[in-house]
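Only the coordinates and a few stated rules stand behind these numbers; no lab work does. Bear in mind the structure is a predicted one, so any value in this text is a computation, not a measurement. Heads up, the Cβs are rebuilt from the backbone with ideal geometry, glycines too, and the neighbour counts pull from every protein chain shown.
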DNA sequence: CTGAAAGCGCTTACAG
DNA sequence: CTGAAAGCGCTTACAG
């Protein structure tokens, strides 16, 4: 149907091999006029190389698979933006899968990407380490044996590269900063227990608290979503019996993501509670879209886009020994209005 | 390198053709034991079909191209989410391109998608109609001639399907609602002049105002981003000489997107101006992440995810006459705190 | 039901 | 520098 390399060759009066060589910038330099004739023919015919055929004939497909939990979540869409731009400069196309946090869908996505012979796969949906199921593991194993690269963001797999935000450490720094700001009473809104990021952030915070001789008054948890934070906040308020204008120093709540923190604030607002007067709250991520929120959110800033580009760079590095590299990404504590005493 | 269909066939003691037939659920039902033997061999060997080879041999690639301006912009990431889920149910893989609002990059993305023989391409980055450059147009022409489907979101191309939010009409409804709520003095923060969505929204609003005998006091414009809204709002405040607590009824500003509106509110806050006391503002889109903003934003709600799924459904409909269908998506006016008098 | 064979559109040693 | 030919891994008429 579409114009084929053969068509171009015929019109230019050369062999298919020659046409291929001039059109794909091979090292071999064809004769002056010949090259021109081929290029002209290609243009006149509107030739578009068939990437599928090229992939089959060559080694690589130029495809890069990206798997996220939810592309509409700003955390992941920011990472995706970084992945996109790095992929573009590397001349790769990105194959996107948004799994809705469903591990079955995730597994399917991996299979499909492998089936499409993606040169590399970036896994951005974190899970508890060691929690990778057997199927996935052996599939990745074969993939890597065949030259596929895999890098995980925020979840060290037993293999492959990894870009790891220092969730544990940075949460600890946040706790320290909050204590130094004068907070004494804390509570935590955690995330799913099977998500690495969630657990690390919670632990980092609570452990630092402990080191300072403090313990969270209450811990509740919810989904990694706005609504998850919203409902968790309701339960928290009930457990803590927070009331408006009590005059008592507000409890400082740590929500493991900004998105949950925003949901929490909304829940409290509905209850007539005001942040930071009646309750304080800090989040994590420093999501760009949320920076203009009122009250402004204390949080830990993560360079989300950079995390995406780093992952791609790691995935595309050719030195074989880079295949299992781990890169740590530090977070930066930012105290804003939502924890102001 | 990887396990091949040939390998599976050999181990199962059948021909490649038979192996192919049992493994890809062809209509032809092979003998009982045969099918089992093949499946077992495939499992034992860890066979993963090569999608590239399949694509070459079959007609379709199972690839769906999605082009957006910026995947980190919640407008696009919400649409992308819808595209993703529809693609999944249709068993397609999505190839994503985020163009950073650069038309050269966009053109490249289209070429690459065509090169990869995507079964369909969804163009979500709108531009002024008729503004499609010649190159792109002829490329799309050939693509369609070869069976490719293209559907645009928010920008009726001269061809292909289209999913069109009723930007013009809904902006008019918003203007009406605002007037009925008691607003008399208006201003507009518009977007880029070469973006269809931007122009339609501005025109719909201003034309309805005119029908009611009103004219915007000032019009300024900026990029389709938070910062675009932020700087436009500064200019607007200067032009209007808005002051805090003037006691005068606030001017009601229409920003063509929620994201810009948020930037505007932030700018005014820095100026010591309060919304809705000193200035009022309405946006457009009803971005989920922004729903918890304070003050809550008056806006026009668009079913972003649905827009994405509709686009995919349109792109995948097999009835040839559906190729040029246009679907209109109504918006729903929501008045909230940011325009409260 | 099953197999041999051609074909999908390229690339790339291997000869000339 | 250029071309003939094999090969990449599948699918699918066409025979049997």
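Using 0.36 nm per residue and subtracting the Cα-Cα separation, the extra length available between residue A:194 and residue A:176 on full extension is 3.9 nm. Taking other Cβ atoms within 10 Å as a rough exposure proxy, A:75, A:169 sort from fewest to most as A:169, A:75. Would you calculate the convex hull of the Cα atoms in the range B:132-173 and tell me its volume per residue in Å³? Convex hull of Cα atoms, per residue: 60 Å³.
Legend: mean number of C-beta atoms from other chains within 10 angstrom of residue C-beta atoms, peptide A:69-75, equals 6. Starting from the Cα gyration tensor of chain A, take the square roots of the eigenvalues, sort them a ≥ b ≥ c, and report rounded, prolate or oblate (rounded when a/c is under 1.5, otherwise prolate if a/b is larger than b/c, else oblate). Verdict is prolate for chain A. When the square roots of the Cα gyration tensor eigenvalues are ordered a ≥ b ≥ c, the ratio a/c for the range B:95-162 is under 1.5, which makes its shape rounded. The calculated Kirkwood hydrodynamic radius for the range A:52-176 is 15.2 Å, given to one decimal from all distinct C-alpha pairs. Across the identical copies, the label point of residue A:36 (7 Å from Cα in the Cβ direction) is separated from its matches by 6.9 nm, in order from shortest.
Computed from the C-beta positions of residue B:214 and residue A:169 and an R0 of 60 Å, the FRET efficiency is 0.60 to the nearest 0.05. Residue by residue along A:48-59, Cβ atoms of other protein chains within 10 Å of the local Cβ number 6 on average. Annotation: extensible slack from residue B:59 through residue B:16 equals 13.5 nm (criterion: 0.36 nm per residue apart, minus Cα-Cα distance). Model label points for residue A:185 and residue B:269, set 7 angstrom from Cα along the Cα-to-Cβ axis, are 2.7 nm apart. Each peptide in B:193-204, B:78-89, A:230-241 was scored by the mean count of other Cβ atoms within 10 Å over its residues; highest first, the order is B:78-89, B:193-204, A:230-241.
Taking the longest Cα principal axis of chain A as reference, the axis of helix A:196-211 is set at about 30 degrees.
Sorted from nearest, the other copies put their residue A:181 label points 3.2 nm away, the label point being 7 Å from Cα in the direction of Cβ.
Based on alpha-carbon centroids, what's the gap between the range B:60-123 and the range A:250-292 in Å, whole number please? Going from one Cα centre to the other spans 34 Å. On the principal axes of its alpha carbon atoms, the protein assembly as shown extends 81, 66, 51 Å, with the longest extent given first.
Apply the a/c threshold of 1.5 to the C-alpha gyration tensor of the range A:152-244 and tell me whether it is rounded, prolate or oblate. Taking the square roots of the gyration eigenvalues as a ≥ b ≥ c, the range A:152-244 is oblate. Only Cα pairs under 8 Å and 6+ residues apart enter the sum, and on that basis the relative contact order of chain B stands at 17 percent. The mean of 1/r over all pairs of different alpha-carbon atoms in the range B:229-341, once inverted, gives a Kirkwood hydrodynamic radius of 15.6 Å. Here is how the number arises for chain A: DSSP H runs of 4 or more residues each give -39500 (n - 2.57), the sum is divided by the residue count, and the result at 222 nm is -13500 deg cm²/dmol.
A Förster radius of 35 Å combined with the Cβ-Cβ distance from residue A:337 to residue B:104 puts the calculated FRET efficiency at roughly 0.25.
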